[in-house]
Amino acid sequence: MNNNNLSTTYRHARHILLSAITDIIILLVSFMAAFSVRGVMTPLESADGVRLILFSAGMTVGIFYSFGIYKNLWARTSGHGITLIINAVATSTIFTMIVNTAVRQQPLPYSIILIGNVLALGGFIAVRYRSRMISGLSWRWQAIWNRKFPKPKTRVLIIGAGQSGSELAVQLKHRSDKKYHVVGFVDDDPEKLGMYVEGCQILGGRQMIGRLVELHNIDLVAVAIHNIPGPDFRDILTQCESTKALIKVIPDTRALLNVRQNAGLLRDVQPEDLLGRSLITHHEDVDLSPVTNKVILVTGAAGSIGSELARQLPNYRPLKLILLDCNESGLYDLSIELKSHFPQAQLAYTLANITDQDALEAIFEKYHPQVVFHAAAYKHVPMLEEHPNEAIRVNIGGTRKLAELSRKYEVERFVLISTDKAVNPSSVMGASKRICELLIRAQSQQPENKTLYTSVRFGNVLGSRGSVVPTFNYQISQGGPITITDKEMSRYFMTIPEAVNLVIHAACLTNGKEIFLLKMGEEVRILDLAERMIRLRGLRPYQDIEIHFTGTRPGEKLHEQLYDGAAESATETVHPGIIQLNAANELMDSNLLLQWVGYLQKNGIDSKQAPLRQLLWNMTSSEKYAILGEDGPDEKNPVKTEAALKTSVTYSANGSKMPQSAAGSD
């Protein structure tokens, strides 16, 4: 045993000894006071009575020790700790009476035993809660004699009378600065109405929030509910926003225990909360062995989705986790973070570009990945409208290189991160991602292929680069205005951790060729999101912060689709958050698609033609095969037979036939 352990043991023993001596003194003084109450009627002349009192004192110390009373930090213990003392004293009293009854002449009257232990109980509680008693007496003394009153406390109404709510009440009450006064709770459970939690009453349901805030002069409403659906959370916010009270959220207790998060006791409401919150957990009906104990490659590892994959995948005990990105600073920052949180994980950081064939070949040759998560892509719609050839080079070309190498090196599973913008695309970015989905499907149809290819499609993720949320936050902090393209613009949203968790599960579900769709919940109107973000800052839309409408940008839709009902059939999976999409028909010959992609890679976009029309070779739901001529897709005759396709498919962007050599892969 080292010196530190000896020192700690000594301090603990000293603390217990001093506490035990104090309790014995309290008990002896209490019994003396009990005799004084009885007066001359009960003189203490029997030696048996003295011995019984000493026995009771020793037994009380032993019971206190067995109840753990000497192990509590009473300065940080809630009022419920009193019940522990009461139970211990009651136990001691019962045993003392039993012993007193067993002695032939009953050395002590029962009244003495009862009065003595009741007085001792008061002494035990007073000693352990002395700091709070002194603090209370101190400010009252200052108020009466010096007219010095304490600063007004923040009056708190807690939403949710469950475990999180009760824990929050304890922590607010016992803060050293004494800033908060918990007025009560709000809970929708009618059976809890009128009951008390941590000494505070449950005052009503959510519909009474406005009245309760006004009636009790509430300064702060603290939401302490977890796993709450988005509509319910938004309803609570609606009730709160009509009041003068500030709104805060208590982080999940599990998040507080997660070393990767430095969460405070209370935080501001975030836009993510508007979607509802759910725990990121493993689903019991999904076999996770396909991604457990594997060599895993993540592309775009420094991006929003890629970096979250890097944070979650170490929990699946990868034999090696290869993190690839061309963003040197982002990759370095990620390495520092992961090294701190997962010191035992086998991580490899690769600075490379997914369009570099030689670099990718070297990575596959060195590590032989078994699972590939392909998250690297250009994704900003306005930028790719201006630079469509970059969408071909990076999104399409990079995906093709990775997919072909995965087939060559017999990767077990290849997962493409796609987007809802790939459905009936109206932008270059969406069209490029749709081509990537079809490329993945084409690779799965190649002879002797052993890789399971799948795409996972979802909508916007909050907090990612390019998301409206960081933009709105910045615009609000600058005093406005907030800019929105259209009043009716709406999007599907999901938090990054939730999306990545579902992506990993989808990777385990694939049988090859299908597309998985993550359930995105309700469609959110961008204007509603902006107005709510302004109000949550304590400001007023259109008065404190202006909202300007700028008009839709090139390639932008008012509303996104999650899948094309005419071309794709949706079926449920064993995971409640994942839908499987299957093509209603075999859309094309995979070799013809690869020829077309090869032509795009070799020749790029004709600047004289609309880029989207040149990319939409087979994208729209109403066409089985769309062939581009001088004026774009043939809208008069959208459905062509496969035989006709094979004779006309190799058209270039301007309508002239492509040579077969030009149509090949680069």
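The values are calculated or read from the model by the stated rules, or taken from the named source; none is laboratory data. Please read these numbers as outputs of a predicted model, since none were measured by experiment. When we count neighbours, we look across all protein chains shown, and the Cβ atoms used for this are built from the backbone with ideal geometry, even at glycine. Just so you know, the surface numbers come from the protein's heavy atoms only, side chains and all, with ligands and any DNA or RNA stripped out. Shrake-Rupley method; radii C 1.70, N 1.55, O 1.52, S 1.80 Å.
List the trypsin sites (Lys or Arg not before Pro) within region 413-501 that fall in a DSSP loop (any state other than H, G, I, E or B) and whose Cβ has at most 12 other Cβ atoms within 10 Å.
Listed in order of number, the matching sites are 450, 465, 487.
Please give the FRET efficiency for residue 540 paired with residue 471, using the beta carbon to beta carbon distance and R0 = 22 Å, rounded to the nearest 0.05.
Calculated transfer efficiency: 0.65.
Once R0 is set to 45 Å, what does the formula 1/(1 + (r/R0)^6) return for the Cβ-Cβ distance between residue 606 and residue 408, expressed as a FRET efficiency to the nearest 0.05?
Using R0 = 45 Å, I get an efficiency of 0.90.
Could you give the length gained by full extension between residue 446 and residue 33, i.e. 0.36 nm per residue of separation minus their alpha carbon distance, to one decimal place?
Using 0.36 nm per residue and subtracting the Cα-Cα distance, I get 139.2 nm.
Given the Cα-Cα distance of residue 582 and residue 380 and 0.36 nm per residue of separation, how much length would full extension add, in nm?
70.0 nm
Given a 1.4 angstrom probe, what's the average accessible area per residue across region 480-574, in square angstrom?
43
What is the distance, in nm, between label points placed 7 Å from the Cα along the Cα-to-Cβ direction at residue 549 and at residue 346?
Each label point is offset 7 Å from its Cα along the Cβ direction, giving 5.7 nm.
Enumerate the lysines that residue 153 could reach by cross-link, defined here as Cα to Cα under 23 Å, with residues fewer than 8 away along the same chain left out.
173, 178, 179, 244, 248
Just to be sure I follow the rule: in region 392-495, considering lysines 8 or more places apart or on different chains, how many pairs have Cα atoms under 21 Å apart?
5
Pull out the extension gain between residue 207 and residue 571, defined as 0.36 nm times the separation in residues minus the alpha carbon to alpha carbon distance; nm, one decimal.
Contour length minus Cα-Cα distance gives 127.2 nm.
Size of region 447-533 along its principal axes in angstrom, Cα-based, largest extent first?
Each principal axis gives a Cα extent; for region 447-533 these are 59, 22, 21 Å.
Given R₀ = 51 Å, FRET efficiency for residue 511-residue 65 by Cβ-Cβ distance, to 0.05?
Efficiency, rounded to the nearest 0.05: 0.25.
Using only the Cα atoms of region 334-454, build the gyration tensor, take square roots of its eigenvalues as a ≥ b ≥ c, and label the shape rounded, prolate or oblate: rounded if a/c is under 1.5, else prolate if a/b is larger than b/c, else oblate.
Because a/c hits 1.5 or more and a/b fails to exceed b/c, region 334-454 counts as oblate.
Label 7 Å along Cα→Cβ of residue 356; region 386-412 residues with amide nitrogen under 14 Å?
none
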